Amino acid sequence: MLSKKLHDALNAQINAELWSAYLYLSMSMDAEAKGLKGIANWFYVQFQEEQDHARILMNYILSRDAVVELAPIDAVRTQWDSALEMFQDTLTHEKEVTAMINNLAAIAAEDKDYASANMLVWFIDEQVEEEESARDMITACEAVEGNKFGLYMLDKELAARVYQQAAPLAAKE
Ligand code: FE
């Protein structure tokens with residue numbers, strides 16, 4: 001059985017993942033409104049991935065015969081000054097998510113809940129990738145700062161990003 005502490009923290013994590021989805025959807029809409037369709041696409045893919053993260057946690061809670069409790073999702077910012085600022089906010093946010101995942105792993109270890117600890121390994125690895133990709137995007141935006149043609153080319157490149165279902169969900173089908 002999941003401990004109450006871990007169950008509550010997993011439900012809180014679902015809310016955090018859905019808030020992340022909402023944040024990236026908001027960035028996607030703002031980018032598209034500014035004519036940056038490729039950056040809008042990049043964040044739309046991110047929006048879809050965050051929904052997968054929530055779904056993985058919901059599936060897990062249910063598979064442990066526990067209840068999923070969906071709390072209200074807080075409002076998100078709606079406008080950014082530049083793509084660079086969006087990716088800087090993305091990195092800051094993902095660092096916070098990493099700390100939350102680490103906290104979940106610490107509770108699972110404390111509980112000697114090996115199944116939960118094992119499930120969380122995927123999220124620990126995912127956070128390394130999330131922080132790395134945000135840093136890469138910051139580097140790319142800094143490289144084209146003040147250069148409209150550079151931004152145009154970067155935007156074109158990001159239009160190619162394609163959503164792929166997260167591995168734990170694909171494996172479940
Ligand atoms: Fe996530």
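For this structure, a couple of remarks:
- Residues located in the range 122-136, provided they are of a type outside the set (Val, Ile, Thr) and open to solvent by 20 Å² or more (accessible area, probe 1.4 Å): TRP122, ASP125, GLU126, GLU129, GLU131, GLU132, SER133, ARG135, ASP136
- Verdict on ASP89 being modelled with pLDDT of 95 or more and over 30 Å from ASP113 (Cβ atoms): yes
- Any hit, the range 47-60, residues being modelled with pLDDT of 95 or more, of a type in the set (Phe, Trp, Tyr) and open to solvent by 20 Å² or more (accessible area, probe 1.4 Å): yes
Every residue, every condition in (1) of a type in the set (Asp, Glu); (2) within 21 Å of LEU23 (Cα to Cα); (3) within 16 Å of the ligand (Cβ to nearest atom), yes or no:
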{"residue": "HIS53", "(1), (2), (3)": "no, yes, yes"}
{"residue": "TYR60", "(1), (2), (3)": "no, no, yes"}
{"residue": "GLU69", "(1), (2), (3)": "yes, yes, no"}
{"residue": "PHE87", "(1), (2), (3)": "no, yes, yes"}
{"residue": "THR90", "(1), (2), (3)": "no, yes, yes"}
{"residue": "LYS112", "(1), (2), (3)": "no, no, no"}
{"residue": "ALA115", "(1), (2), (3)": "no, no, no"}
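- Any hit, the range 67-82, residues being open to solvent by less than 40 Å² (accessible area, probe 1.4 Å) and farther than 16 Å from ASN15 by Cα: yes
- Candidate set from the range 137-173 (those that are open to solvent by 90 Å² or more (accessible area, probe 1.4 Å) and aromatic (Phe, Trp, Tyr)); member that is nearest to HIS93 (Cα to Cα): TYR152
The values are calculated or read from the model by the stated rules, or taken from the named source; none is laboratory data. All values derive from a computational prediction rather than experimental measurement. Reconstructed Cβ throughout: ideal geometry from the backbone, glycine too, with neighbour counts over all protein chains shown. Areas reflect the complete protein model, heavy atoms only, side chains present, ligands, DNA and RNA absent. Shrake-Rupley method; radii C 1.70, N 1.55, O 1.52, S 1.80 Å.
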